[in-house]
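The values are calculated or read from the model by the stated rules, or taken from the named source; none is laboratory data. Remember, predicted model here, so these are calculated numbers, not experimental data. Positions of Cβ are backbone-derived with ideal geometry, glycine not excepted, and every protein chain shown enters the neighbour counts.
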Amino acid sequence: MRGSSTYGPLLLKTVDLGGTLGIMSIIKSSSSATSIFPARFFLLIVIGLALGGCTTATEKLEKKLKVGEPVVEVYNAKYEEVETALKQAMLRYPQRVDNTEAGIFETDFVKGEARFKAPHKLNEEFSSGYRYRILVRLVRGNKEGRGAVKVVVLKQIELARDFFATTEPMPSDGLEERVILYRIGRELRITRALQKANQKASQKPAEG
């Protein structure tokens, strides 16, 4: 199994360059405006709008994720392929349950530096009593007349305020679950690309 720290594709589609370039062209073409307001003023406007675009896109993603609920994705692939992709995606997690027949996969508690941090919250500090487990269920089914597998990912978070306190459940924002599902999809795409490449290589006539 291979680990990965590539979270970017989930959150990087945030800056509308077209809008920014459009503003720049308006500023450039408006000589009367630049004569009244200093160029620095317009530069601040452009930077502010670009940063505002990032914030808006991130907020839209977070609004799509229902806090505290499982995150689900359906893949048009064989069960064995999805299972293999899941294990690749979950490499860095401490394993607790791996029941292939039942489609049940669970991690042990994730603690310390292994705890997930969102790309836009890399400076976030966790309490020492903050820990969680990842629970995954694979369900066989059909989609559009073809075999498919539904993957359900749930993040169970616990927080202990101090050594003597009882742990309290906390809701997840769904971001780490989305990262896991993205990794599964990526592993499936890589596997299919390798299969196609091998098929093409085997179909080439032998030289001689």
Complete set of residues in region 109-139 that are within 18 Å of the chain's Cα centre (by Cα) and aliphatic (A, V, I, L, M): VAL110, ALA114, ALA118, LEU122, ILE134, LEU135, VAL136
Wholly enclosed strands (runs of 3 or more DSSP E) of region 114-208 bearing at least 2 residues without any contact (Cβ under 8 Å) to a residue 24 or more places away in the chain, touching a His at 6+ places or on another chain (Cβ under 9 Å) and surrounded by fewer than 12 Cβ atoms within 10 Å (Cβ to Cβ): none
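Yes or no, residue by residue, for (1) at pLDDT 80 or above; (2) more than 18 Å from VAL72 (Cβ to Cβ):
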| position | (1), (2) |
| --- | --- |
| LYS111 | yes, yes |
| ALA114 | yes, yes |
| LEU122 | no, yes |
| SER128 | yes, yes |
| LEU138 | yes, no |
| LYS143 | yes, no |
| LYS150 | yes, no |
| LEU159 | yes, yes |
| ALA165 | no, yes |
Cβ-Cβ under 6 Å pairs, at least 6 apart or on other chains, region 68-94 side free of Cβ contacts under 8 Å to residues at least 40 places away in the same chain, far side part of a loop (DSSP other than H, G, I, E, B): PRO94/ASP108
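Anything in region 82-109 that is touching a Pro at 6+ places or on another chain (Cβ under 8 Å) and closer than 28 Å to ARG140 by Cβ? List them, or say none. Even if it seems obvious, please write down each step before you answer.
So in region 82-109, the residues touching a Pro at 6+ places or on another chain (Cβ under 8 Å) come out as 107-109.
Across region 82-109, the qualifying residues are THR107, ASP108.
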